[in-house]
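Right, one structure below, let's go through it.
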Amino acid sequence: MKEFDVVVIGAGPGGYVAAIRCAQLGLSVACIDGWLNPEGNPVLGGTCLNVGCIPSKALLDSSHYYLHVKQDLAEHGINAPGVSLDVNKMINRKNKIVATLTQGIAGLFKKNKVEWLPGKARLINDKQIEVTPVGTAAGEKYTVTARHIIIATGSVPMNIPAARVDNALVVDSTGALAFTDVPTRLGIIGAGVIGLELGSVWNRLGAKVTILEALDDFLVAADRQIAGEAEKILRKQGLDIKLGARVTGCGSNNREVTVTFEGKEGKQQLVVDKLIVAVGRKPNTEGLGATEIGLTLDERSFIKVNAVCQTNIANIYAIGDVVRGPMLAHKASEEGVAVAERIAGKSAHMNYAVIPWVVYTWPEIAWVGKTEQELKQANIAYKSGAFPFAASGRAHAMGETGGLVKMLSDAKTDRILGVHILGPAASELIGEAVLAMEFEGSAEDIARTIHAHPTLAEALHEAALGVDKRTIHI
Ligand code: FAD
Ligand code: AMP
């Protein structure tokens, strides 16, 4: 029986990063993962690389270029008549990117001497794990032993009885990344991050997209002002977002899907060619044997962990989407590093208060820290500064003047409490705010920092100046 200092279950951004860091710290480590690519080959990378962050961004970038060429270039004096779309090529490009990156992780495992065990893991007790090899690696079951176990089994799409995924006309996010042509009418259930990103891709490529969202408010986790501006822009782009629309049923023949929902005007129906169910994700503990060995789950079936990701069994840790907190790849990876360092006896760092969020619509939506409504609810006195991209020279040069940067800082100490961006490349711009908040910086710190001109980042500088009502360009 093989023995390791650490066995990691799951090779998504939580698990593979944890495994590499454990190896770097001199621990013997194996990583078990049961993911199979469409050809039945075991591949690393989990949801994020195979059917999540990376393929969705590949299609968002491709569809952005397509729309840009079709719609925006003429204004620059560039005429590109006869632009056409090859959806299969676009999907193949995405598949190639996924293959390159997942193979890259296999290379990193080799380099760091992480042993990759392709297969499904089941906990036998707090030290032993049964591995059932899968796909092209299929073979006899075997058992491995570990001093420490890190569970990083991630999450899977949530189902609702009202709309069963049939992988033909009704698909989940995975199916929506592999359409072979552009549906004429596309319905999406759920206006969360995934619904908005996938809706943007297919809307840009020409589908008539309707998003049904049960909640009355748009993008509830975001700052209200930013969400309101984003909603306006996305509607203008053609996304028909129906709020307060709870899907109660759906039926399909071979050609189209009829979705029934309770909307503002009572019971209504929507007929579409394809339907994407994007109603959220749930923790993945299926077949893991977690409760059988005595691990505690919380009321929503996440594996219960303390502040340092330790479960109720001392040598078993859990990280990423399978535990509390935002379902984000970078949160999973940072927990993975922190747990590896703790196991190796080092001090670990994980700052849950400063985790950036990004919605990769265009303009992008990104934020870190508290929203204005959260500060109001908590009765925290704050100052606020904002700067619209419509006043940014670089944004004009780019032809990307929608959106704004908003900064919130403590009324007394000026410490930055939250930064909210709707704008071009917000996903990159938020990094500066994250760094400032990690260093417990103030709005004044950003206000005194020289920003290159002309850049989009100047909007962050101006918003910081705005906190003390001294913006220059508005
Ligand atoms: P996962 O990535 O889910 O990996 C878990 C792995 O464990 C899988 O490979 C699974 O096969 C394996 N596994 C599970 N059970 C077992 C078992 N019993 N035995 C062996 N192996 C097992 N996040 C972002 O931060 N940015 C984004 O832009 C973003 N975009 C997204 C877009 C989409 C369409 C989706 C679906 C998600 C997106 N996410 C994004 C979320 C992100 O993918 C997850 O937060 C992240 O993958 C979680 O990482 P993880 O390591 O916890 O789990
Ligand atoms: P997220 O959890 O961010 O991935 O977003 C999923 C979204 O789906 C949430 O905003 C939910 O309100 C929404 N949702 C869940 N069930 C339904 C339903 N039956 N009809 C419409 N929207 C739903």
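The values are calculated or read from the model by the stated rules, or taken from the named source; none is laboratory data. In this text, all values refer to a predicted model and were calculated from it rather than measured experimentally. Backbone-built Cβ (ideal geometry, glycine too); neighbour counts: all protein chains shown. Ligands, DNA and RNA are stripped out before the accessible areas are found, and what is left, the full protein with its side chains, is counted by its heavy atoms. Shrake-Rupley method; radii C 1.70, N 1.55, O 1.52, S 1.80 Å.
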Which listed residue, of 307, 314, is open to solvent by 30 Å² or more (accessible area, probe 1.4 Å), closer than 20 Å to residue 128 by Cα and either at pLDDT below 95 or away from ligand 1 (no atom under 11 Å from the Cβ) (or both): 314
Residue match in segment 240-262 (condition: within 18 Å of residue 47 (Cβ to Cβ) and surrounded by fewer than 14 Cβ atoms within 10 Å (Cβ to Cβ)): no
Within segment 148-170, considering residues that are over 20 Å from the mean Cα position of the chain (by Cα), within 14 Å of ligand 1 (Cβ to nearest atom) and not in a loop (DSSP other than H, G, I, E, B), the one farthest from residue 45 (Cα to Cα): 149
Any hit, segment 374-397, residues being closer than 19 Å to residue 227 by Cβ and among the β-branched types (Val, Ile, Thr): no
Single residue of 456, 375, 417 found to be outside the structural domain of residue 74 (by TED's automatic domain parsing) and closer than 30 Å to residue 78 by Cα: 456
Extreme residue, nearest to the chain's Cα centre (by Cα), among residues of segment 101-144 that are part of a helix (DSSP H, G or I) and modelled with pLDDT under 95: 135
Residue list for segment 317-351, restricted to those being farther than 17 Å from residue 146 by Cβ, among the basic types (Lys, Arg), out of contact with any Leu (no Cβ under 9 Å at 6 or more places or on another chain) and open to solvent by 30 Å² or more (accessible area, probe 1.4 Å): 324
Criterion violated by residue 225 - all others in (1) of a type outside the set (Phe, Trp, Tyr); (2) within 16 Å of ligand 1 (Cβ to nearest atom); (3) surrounded by fewer than 24 Cβ atoms within 10 Å (Cβ to Cβ) satisfied: (2)
Filter result for residue 94 (farther than 21 Å from residue 335 by Cα and touching a Leu at 6+ places or on another chain (Cβ under 7 Å)): yes
Identity of the residue in segment 263-292, more than 14 Å from ligand 2 (Cβ to nearest atom) and surrounded by fewer than 17 Cβ atoms within 10 Å (Cβ to Cβ), that ends up nearest to residue 177 (Cα to Cα): 271
Strands (runs of 3 or more DSSP E) enclosed by segment 356-456 - at least 3 residues per element that are within 25 Å of residue 197 (Cα to Cα) and modelled with pLDDT of 95 or more: 357-359, 364-369, 404-410, 416-423
Pairs where the first residue, in segment 81-99, is assigned by TED's automatic domain parsing to the domain that holds residue 41 and the second is open to solvent by less than 50 Å² (accessible area, probe 1.4 Å) and of a type in the set (Ser, Thr, Tyr), C-beta under 6 Å, 6+ apart: 90/62
Test: residue in segment 237-248 that is modelled with pLDDT of 95 or more, within 9 Å of ligand 2 (Cβ to nearest atom) and over 28 Å from residue 377 (Cβ atoms): yes
